[in-house]
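A quick write-up on the structure given underneath.
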Amino acid sequence: MRRIISLVVVIVLAIAAYFAYEHYQLKKNEAQRQMFDVVMTEKMQTLYEVAQDWSKPVTMDIHDARLSGDYRVLSEFVLNYWLKNIETRNTYLRDLEAAKWNHFLDVNRLDADRKQKFVETEQMLQAVRRIMTQYQRQNLADKQDALAKVKTLGIDHALQQPLEEKLEKNLKLDQESALILLELQILDKAEQMFALLKNNEWHKENGQIMFQKDAQVKQFNALYQDVLKLNKDIEQKKKQNAEEIEEEI
């Protein structure tokens with residue numbers, strides 16, 4: 001009889017210990033989930049701030065001792081993902097600056113380059129086309145690489161699946177791809193403007209380009225207005241992208 005009672009006591013204690021452990025794990029997991037939200041809010045805000053200066057590489061410590069286990073793995077993966085995307089974009093912007101893309105329509109530059117048979121402008125347009133194409137490829141590669149890596153994280157399925165679905169959606173509805181398509185349209189317009197400058201007579205007057213024929217003036221001005229409209233669309237798209245990052249925060 002004593003053996004039976006002892007056995008029952010052991011079983012009851014084992015069950016009690018099991019449920020106590022489960023309760024402890026649930027509380028620990030909930031505490032980590034809440035800390036994950038805190039850490040990600042802080043880190044994403046910091047990342048957003050440092051990313052504004054695209055003139056230099058983005059650096060940030062993605063590790064945080066307050067997190068452990070699956071939530072630490074998840075946090076570091078997400079932050080790495082955003083770091084990579086932002087740095088790819090910022091590298092692209094630095095490359096465009098190095099190619100002097102923002103000086104394409106500088107009248108003094110164009111007037112001086114005309115005397116050199118537009119060698120500088122032709123090289124600029126070729127470089128910008130190459131830079132934009134490379135950025136398209138790298139952006140796509142980054143998204144595909146992240147999607148492949150998330151499938152090998154080895155974390156709890158309840159954490160992994162939503163992230164995988166989010167990355168799949170990002171790949172299909174890539175905001176950065178939409179942005180580069182607008183920028184490529186500007187490049188197309190710039191090449192058409194350059195063709196007008198290269199193949200027609202014009203002179204510099206009061207800091208402006210003056211063509212001899214009205215038809216050429218209308219063509220050039222129409223292209224310029226198209227560029228202004230595309231730039232406006234780009235700024236709107238950038239705002240949407242920034243809001244997407246803020247949603248992550």
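The table below gives the values:
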item	result
Every residue from the stretch 44-57 that is open to solvent by less than 90 Å² (accessible area, probe 1.4 Å) and in a helix (DSSP H, G or I)	Met44, Gln45, Thr46, Leu47, Tyr48, Val50, Ala51
Number of the exception - Lys237 against (1) surrounded by 17 or more Cβ atoms within 10 Å (Cβ to Cβ); (2) within 24 Å of Leu96 (Cα to Cα); (3) more than 20 Å from the chain's Cα centre (by Cα)	(3)
Single residue of Asp70, Asp113 found to be of a type in the set (Asp, Glu) and farther than 24 Å from Met193 by Cα	Asp70
Elements of type helices (runs of 4 or more DSSP H) in the stretch 100-204, at least 1 residues being open to solvent by less than 70 Å² (accessible area, probe 1.4 Å) and within 25 Å of Asn241 (Cβ to Cβ)	119-150, 157-172, 175-199
Restricting the stretch 65-99 to residues that are among the acidic types (Asp, Glu) and under 21 Å from Lys166 (Cβ atoms), the residue that is surrounded by the most Cβ atoms within 10 Å (Cβ to Cβ)	Asp70
Residues of the stretch 206-233 satisfying the condition of being in a loop (DSSP other than H, G, I, E, B) and not charged (D, E, K, R)	Asn206, Gly207, Gln212
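So that you can scan it fast, the table gives a plain yes or no per residue for (1) without any contact (Cβ under 8 Å) to a residue 24 or more places away in the chain; (2) under 33 Å from the mean Cα position of the chain (by Cα):
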| position | (1), (2) |
| --- | --- |
| Ser177 | no, yes |
| Leu184 | no, yes |
| Ala190 | no, yes |
| Asn199 | yes, no |
| Trp202 | yes, no |
| Gln208 | no, no |
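One line per residue, one yes/no per condition, for (1) at pLDDT 90 or above; (2) at positive phi; (3) outside any loop (DSSP other than H, G, I, E, B):
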{"position": "Thr59", "(1), (2), (3)": "no, no, no"}
{"position": "Asp64", "(1), (2), (3)": "yes, no, no"}
{"position": "Val78", "(1), (2), (3)": "yes, no, yes"}
{"position": "Thr88", "(1), (2), (3)": "yes, no, yes"}
{"position": "Thr91", "(1), (2), (3)": "yes, no, yes"}
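The values are calculated or read from the model by the stated rules, or taken from the named source; none is laboratory data. Since this is a predicted model, take the numbers as computed values, not measurements. With ideal geometry, Cβ positions are generated from the backbone for all residues, glycine too; neighbour counts draw on all protein chains shown. Accessible surface areas use protein heavy atoms only, side chains included; no ligands, DNA or RNA. Shrake-Rupley method; radii C 1.70, N 1.55, O 1.52, S 1.80 Å.
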